[in-house]
1. Just to verify a number: FRET efficiency for CYS95 and GLU18, C-beta to C-beta distance, R0 = 25 Å, to 0.05?
2. Taking H placed 1.01 Å from N in the peptide plane, check which residues at least 5 places from GLY78 or on another chain put their amide H under 5 Å from its amide H.
3. Filter the GluC sites (Glu not before Pro) in region 1-100 down to the DSSP loop ones having no more than 12 other Cβ atoms within 10 Å, then list what survives.
4. Can you run phi through the Karplus equation (6.51, -1.76, 1.60; θ = phi - 60°) for region 26-32 and list ³J(HN,Hα) in whole Hz, with x for Gly and Pro?
5. Taking amide H atoms as placed 1.01 Å from N in the peptide plane, list the residues 5 or more away in sequence, or in a different chain, whose amide H sits under 5 Å from that of VAL150.
6. Return the whole-Å distance between the Cα centroid of region 111-126 and the Cα centroid of region 6-79.
7. Quote to one decimal, in nm, the extra length available between GLU50 and ASP145 on full extension: 0.36 nm per residue of separation minus the C-alpha distance between them.
8. Have a look at ILE128, SER85, ILE2 and report the one farthest towards the positive end of the charge dipole of region 1-134, computed about the Cα centre with Cβ charges (Lys/Arg +1, Asp/Glu -1).
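What follows is calculated from the coordinates using simple rules that are stated; it is not laboratory data. Nothing here was measured: the structure is a model prediction, and the numbers come from that model. Virtual Cβ from ideal backbone geometry, glycine too; neighbours counted across all protein chains shown.
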Amino acid sequence: MIDPELIQLCADPRLEVEIVQQFVSEMNASDHLTIHVSQGNRTILVPKPETIEQAVETTQEWVGQANVRVGLTQYPAGLGITDPSQISHELFDSCENLRLGTELFGKVLRIVTQWYGGPAEPAFDDAIYAYRTGWFEGERVFYADDPGDVEVATPSRSTTPVETEVGGSPAQAEAGPSEPPFSDQDPNAASIRIDLSGIRAHNQEPASNQ
């Protein structure tokens, strides 16, 4: 379990300690140098870095070509950058990674909680899934507006990511929100070089009858 002192010092203060602990546990990172690289539903094996310098080099090599998640919070390394050279040592600093990851997850959790209409324990499961995939209700959730002051529920049990079928709605709370297949391209994997917004809008148009 992550050190509560590190949480108090570095994590987003808007999140309860219990939420941060459960979030980091769900990310299942062995240490602050953990790197996970994937393309669709395929995991790419990369050498385990022994130093921060090696971790930065590996991340720079794959950002823009694949979905790269790093550090204790498995933060999406390609988010908000325009060139791999912008990847810095900060992503692998435990405190900075915890700050970035909890701020991003906190926003996702508030978005999902707002969708539920208020605090709901299933919102945590769905927020974890949205954080892993980068999508929620057909939208690129990392780029969505933060709803702001939203009260969220603290998970009272060990949680697991929830995969839900397309077609959920707020009236179908038992089924949970709809998500794209996990194999879909993560919006942050190629965002450095390709703007996917037009493609996403086209793909959401109803298919014509053949």
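1. So, using R0 = 25 Å, E works out to roughly 0.80.
2. VAL68
3. Passing both the DSSP loop test and the Cβ count: GLU50.
4. Using θ = phi - 60°, the values come out as 5, 6, 6, 8, 6, 6, 6 Hz.
5. HN-HN under 5 Å from VAL150: empty list.
6. When both Cα centres are located, 24 Å separates them.
7. 30.5 nm
8. Ranked along the dipole, the leading option is ILE128.
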